[in-house]
Amino acid sequence: ILCGCIPVTGNVAFAGILSEHNLFVEDASSSLFGLEVIIPAGALSSDTEITISEVIDAPSFDLNVSGVGVPVAFGPDGQLFNSPITIGIPYTWPMLNEAGVEDPNDLSIYFYNDYEKTWVEKTPIEEIDKTNEIIYIEADHFSIFSLSYAEVLSANTADEVPKDDGGCFVSTSNDADK
C-alpha cells in the first residue's frame, strides 16, 4: 500500500467503505490500538474506502522536532472533507519516555504535506485526554499524521545557532598582489 509515495505496512489497521462513522482500532496487538477517527454526517460526499496504516519509513522531521510513536497514514491520501473530522492518536507512557517527553501537554500532532515535502504542525490540539492517553485534533483532509515533540531551544542553544543578519561580505583584496 502506498500513501503519497511513502511506504506503509501491509498491516492495515482499518479498511472499509463508509460515508459517516466512528472508527476505533480495537486490535490490542496493533501499535495503533486506541486510534480514533470520527467522520460526521455530510463530511464525505459519497461512500469512500477508508484505510488506516502504520508508516514504514516516514519522512524526516525538521531539526528540532521528533516523531513520537508510529506515524499513521490515513487514506485515501489527500481526501478532503466537507466538514472537519476528528482524529484521535493514542500515546503510552513508555512511548513518551522513549522520546524523552515528560508531559503529554508538550506533544503536538504534525501532518506530512506531500506537495511541499515537509511536516506541518496541526494546530490547535482539540483535547489531550490524559485518562485514556489520546490526543485529538480536527482535520479537513487525510494524510500522514504523527505525534511529535518539538524541543524548545534554550537561550544558550539559540545563541549557538548561526544568525543571518542579512549582510553581505565581498572581499576585494587580491593576496597575490601583496
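Please find, among Phe74, Phe81, the residue that is open to solvent by less than 30 Å² (accessible area, probe 1.4 Å), out of contact with any helix residue (DSSP H, G or I) (no Cβ under 7 Å at 6 or more places or on another chain), modelled with pLDDT of 90 or more and more than 19 Å from Leu147 (Cβ to Cβ).
From the options Phe74, Phe81, the qualifying one is Phe81.
If you check every pair at least six apart or on different chains, which have Cβ atoms under 6 Å apart with a residue in region 34-56 that is farther than 19 Å from Val72 by Cβ first and a residue that is open to solvent by 10 Å² or more (accessible area, probe 1.4 Å) and of a type in the set (A, V, I, L, M) second?
Correct list of pairs: Asp47/Ile17.
With the requirement that a residue be open to solvent by 40 Å² or more (accessible area, probe 1.4 Å), in a loop (DSSP other than H, G, I, E, B) and either over 15 Å from Leu80 (Cβ atoms) or among the charged types (D, E, K, R) (or both), what does region 26-47 give you?
Scanning region 26-47 gives Glu26, Asp27, Ala28, Ser29, Ser31, Phe33, Ala41, Asp47.
Mind telling me which of the residues Pro59, Pro124 ends up being within 15 Å of Ala150 (Cβ to Cβ), open to solvent by 20 Å² or more (accessible area, probe 1.4 Å) and either of a type in the set (Lys, Arg) or part of a loop (DSSP other than H, G, I, E, B) (or both)?
Exactly one residue qualifies, and that residue is Pro124.
How many residues does region 80-106 contain that are in a strand (DSSP E or B) and touching a Ser or Thr at 6+ places or on another chain (Cβ under 7 Å)?
Count: 1.
Name, by its number, the condition in (1) touching a residue at least 24 places away in the same chain (Cβ under 8 Å); (2) out of contact with any Cys (no Cβ under 8 Å at 6 or more places or on another chain); (3) surrounded by fewer than 18 Cβ atoms within 10 Å (Cβ to Cβ) that does not hold for Glu102.
(1)
Of the residues Phe24, Phe81, Phe61, which single one is without any contact (Cβ under 8 Å) to a residue 40 or more places away in the chain and closer than 20 Å to Ile125 by Cα?
Phe24
State whether one or more residues within region 127-142 are open to solvent by 20 Å² or more (accessible area, probe 1.4 Å), within 18 Å of Ile38 (Cβ to Cβ), among the hydroxyl-bearing types (Ser, Thr, Tyr) and in contact with a strand residue (DSSP E or B) (Cβ under 6 Å, 6 or more places away or on another chain).
Scanning region 127-142, I find at least one residue that is open to solvent by 20 Å² or more (accessible area, probe 1.4 Å), within 18 Å of Ile38 (Cβ to Cβ), among the hydroxyl-bearing types (Ser, Thr, Tyr) and in contact with a strand residue (DSSP E or B) (Cβ under 6 Å, 6 or more places away or on another chain), so the answer is yes.
The values are calculated or read from the model by the stated rules, or taken from the named source; none is laboratory data. As the structure is a computational prediction, the values presented were derived from the model and not from experiment. When we count neighbours, we look across all protein chains shown, and the Cβ atoms used for this are built from the backbone with ideal geometry, even at glycine. In case anyone asks, the SASA skips ligands and DNA or RNA and just uses the protein heavy atoms, side chains included. Shrake-Rupley method; radii C 1.70, N 1.55, O 1.52, S 1.80 Å.
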